[in-house]
1. Could you please find all residues in the stretch B:33-59 being surrounded by fewer than 14 Cβ atoms within 10 Å (Cβ to Cβ) and at pLDDT 90 or above?
2. Looking at this structure, is residue B:82 in a loop (DSSP other than H, G, I, E, B), within 27 Å of residue B:241 (Cβ to Cβ) and either in contact with a helix residue (DSSP H, G or I) (Cβ under 6 Å, 6 or more places away or on another chain) or within 14 Å of chain A (Cβ to nearest Cβ) (or both)?
3. Can we say residue B:87 is in a loop (DSSP other than H, G, I, E, B), at pLDDT 95 or above and either over 16 Å from the mean Cα position of the chain (by Cα) or surrounded by 23 or more Cβ atoms within 10 Å (Cβ to Cβ) (or both)?
4. Could you grab me the full set of residues in the stretch B:145-201 that are farther than 25 Å from residue B:64 by Cβ, touching a residue at least 60 places away in the same chain (Cβ under 8 Å), assigned to a helix (DSSP H, G or I) and within 14 Å of chain A (Cβ to nearest Cβ)?
5. Can you spot a residue in the stretch A:104-117 that is free of Cβ contacts under 8 Å to residues at least 40 places away in the same chain, surrounded by fewer than 16 Cβ atoms within 10 Å (Cβ to Cβ) and over 21 Å from residue A:161 (Cβ atoms)?
6. Does the stretch B:120-128 contain any residue that is surrounded by fewer than 22 Cβ atoms within 10 Å (Cβ to Cβ), on the phi > 0 side of the Ramachandran plot and facing chain A (nearest Cβ under 10 Å)?
7. Could you pull out the residue among B:58, B:35 that is touching a helix residue (DSSP H, G or I) at 6+ places or on another chain (Cβ under 9 Å) and away from chain A (no Cβ under 13 Å)?
8. Exactly one condition in (1) away from every other protein chain (no Cβ under 12 Å); (2) touching a residue at least 60 places away in the same chain (Cβ under 8 Å); (3) under 22 Å from residue B:178 (Cα atoms) is not met by residue B:77; state its number.
């Protein structure tokens, strides 16, 4: 309790800004004339967002289990809304996590291989530069065309998008490892392979965590983008369904949810980072 | 026994010219000798030890250690660098165990050897600390413990105490002499400090423009090399000989350094 009041005292300006922002939102929502075409106001009031729009999430529960399915004439229920949010969140988080892990492993391995061989680097240099310049979201239709509107397609897309910063991050990080560490290891009897395992990998870890943070932001864009266009589930899909009926309230809910998940995922990575990098200055 | 046979190391200068950091060096160093390499910056001292470590390829000639030709780095020639080369991501004890681990020595034995050498350098109480929690001098002790724990017969030290303050330097010099007298390893120690050479060396090689300009034997100077010994006529004569080569030689500047590599 004491730490809470201390936190409030420390951050009172930020807290005021948030309260002011919410108040402003409310004022705008009550002053903008309602639209004839859409089911909710262009700027929906918070009351609407957290009652009707939230309950409306039940529309996206599609399984004849535990709660009625509105698509088949069932009622919107609170349980249905919760189940829908959990299901679609789980789908998005699953695609994001698997895609990010595959992208991280693949990208780091490719980056390490490239940094080990000048020949490989000169072969891969130009294509890599091209891929880095290609706008990621513009590639979504192509991926859907190649791999279909499936989970696998979304995962491959996230993996592709995140692997590129990992490749570049690994190459840079290896280049930044002080040469004396590798020389020292060699004169202590480490083979070339052991130098990679015992020196290069731990030495690049701090920089790779920065890459993870960049890639995580990219992964969120990639997974939501992939869901906009193709697959029939996930938070990105809900935004598109809401868009069909101009339901701004539901879009706002998804935005809040994504913000919350992104915040939690960044916090988790920070915890892992602090654990793994205990040897660095706190 | 270490043998240099007509060793040359040639670099291409950034401006395009050729530089001979080592120029036809032939010398042999018996086992157990404490050899100091002295000379001004850029005259090939570091290239000498790096070539011996296998970190620098030769243009001509060959280096033999115990009869075998040097083809690359190996644990039999441990090296302490001028810069801080203690691995920051490993604890002090894990650093000392590094070479043993790389060579596949089992955990229990590794631990025992590391703790033994940490006590020898006075850091037993810091085994589980991170390197960043230690001072520069203490980290040098870790580096010394690491090469001694690895039990290389030849230890190469490239101005290891260069960046340290005077008192810390003296402590480490004493420590190194004690460890050398106990283990009788061959030590090749690069320095540009005459006093450091007088304190420690059996033999001083004056390196100048990539060549051995003078080979000074001083095994007869009694140890410990306290101030009285360093003021003795024999020591003064050595000092003068070194000074002649080091600095105030009138024709020095007509004989410009061949190397930019220190």
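1. Once the filter is applied, which keeps residues that are surrounded by fewer than 14 Cβ atoms within 10 Å (Cβ to Cβ) and at pLDDT 90 or above, the stretch B:33-59 yields only B:57.
2. Considered against the rule, which asks whether it is in a loop (DSSP other than H, G, I, E, B), within 27 Å of residue B:241 (Cβ to Cβ) and either in contact with a helix residue (DSSP H, G or I) (Cβ under 6 Å, 6 or more places away or on another chain) or within 14 Å of chain A (Cβ to nearest Cβ) (or both), residue B:82 comes out as yes.
3. Yes; evaluated as a whole, the condition is true for this residue.
4. Answer for the stretch B:145-201, where residues must be farther than 25 Å from residue B:64 by Cβ, touching a residue at least 60 places away in the same chain (Cβ under 8 Å), assigned to a helix (DSSP H, G or I) and within 14 Å of chain A (Cβ to nearest Cβ): just B:146.
5. Yes, because at least one residue in the stretch A:104-117 is free of Cβ contacts under 8 Å to residues at least 40 places away in the same chain, surrounded by fewer than 16 Cβ atoms within 10 Å (Cβ to Cβ) and over 21 Å from residue A:161 (Cβ atoms).
6. The answer is no, given that none of the residues of the stretch B:120-128 is surrounded by fewer than 22 Cβ atoms within 10 Å (Cβ to Cβ), on the phi > 0 side of the Ramachandran plot and facing chain A (nearest Cβ under 10 Å).
7. B:58
8. The number of the failed condition is (1).
The values are calculated or read from the model by the stated rules, or taken from the named source; none is laboratory data. None of the values given here were measured: they were computed from a predicted structure. A quick note on method: Cβ atoms are made from the backbone with ideal geometry, for glycine too, and the neighbour counts reach across all protein chains shown.
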